[in-house]
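Report on the structure given below.
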Ligand SMILES: Nc1ncnc2c1ncn2[C@@H]1O[C@H](COP(=O)(O)OP(=O)(O)OP(=O)(O)O)[C@@H](O)[C@H]1O
Ligand SMILES: [Mg+2]
């Protein structure tokens, strides 16, 4: 059974139809990238997966259970298993970096884990290459550091799935590579299922097992990076032209 199944989903905001008939299955351990034009519904899709938004029709199943009809306590259990890196980071400026990273542990964590919070926050910050910055304030961080703190917050509770909304947008090339490496490392080391929304085709090709293109309220095409690159569909060509996936069998990102 796939870990996530989106089936026959329709969603509109007033007159604005976002999905006509959305269907997508995501396997455990898979790294999938969702691409598509601005406003086509990529962020909405991630929000449907964790029940922040509900579909007008259709099902969004997580591990066989329909998220769309879950009650608050069931949703909370799903959210414990899913970390989310929000578009723009969504850090709280009024609290420290450490408190930001601890937020989901305090919010959803089991009380038995409370004494471990400091240690787990430190481990998550270490994992994203920012050890010891717990006391800093979000406003004193660079854009790249904010994204990495957002990522530390997404992984601190040991999620099975991480949803990344534009993890590399607006970053310089060094930070882009750093974030891409982290996504690949989390997949390999922690066997995390990754769902990445991005405009950045170089990242998409570097980190994906599979890609899916959203277009006019549906998944227009899914395939491996190589299949995307050789697709004849004009909408796909418009996106991938000028970019190339790494050579087969030779990952572009070394994971140590
Ligand atoms: N809560 C909401 N209320 C009303 N309209 C919304 C809401 N959330 C999203 N929309 C609309 O739904 C459409 C899809 O939004 P979404 O944020 O998923 O786009 P996106 O593909 O992530 O775009 P971008 O690449 O710019 O981030 C947009 O037209 C947006 O204005
Ligand atoms: Mg978006």
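A few notes on this one:
- Just one residue in the set 125, 171 is without any contact (Cβ under 8 Å) to a residue 40 or more places away in the chain and outside any helix (DSSP H, G or I); that residue is 171.
- On the stretch given as the stretch 41-58, residues that are under 17 Å from residue 219 (Cα atoms) and out of contact with any helix residue (DSSP H, G or I) (no Cβ under 6 Å at 6 or more places or on another chain) total 11.
- For the stretch 1-103, the strands (runs of 3 or more DSSP E) that sit wholly inside it and include 3 or more residues that are within 16 Å of ligand 2 (Cβ to nearest atom) and surrounded by 20 or more Cβ atoms within 10 Å (Cβ to Cβ) are 16-26, 31-35.
- Filtered by the rule that a residue be out of contact with any strand residue (DSSP E or B) (no Cβ under 6 Å at 6 or more places or on another chain) and closer than 20 Å to residue 99 by Cβ, the stretch 144-193 gives 145, 146, 147, 148, 149, 152, 153, 156, 157, 158.
Every number here is computed from the coordinates shown, using simple stated rules; none is lab data. The structure presented is a predicted model; accordingly, all values stated were derived computationally and were not measured. Note that we place each Cβ from the backbone using ideal geometry, even for glycine, and neighbour counts take in every protein chain shown.
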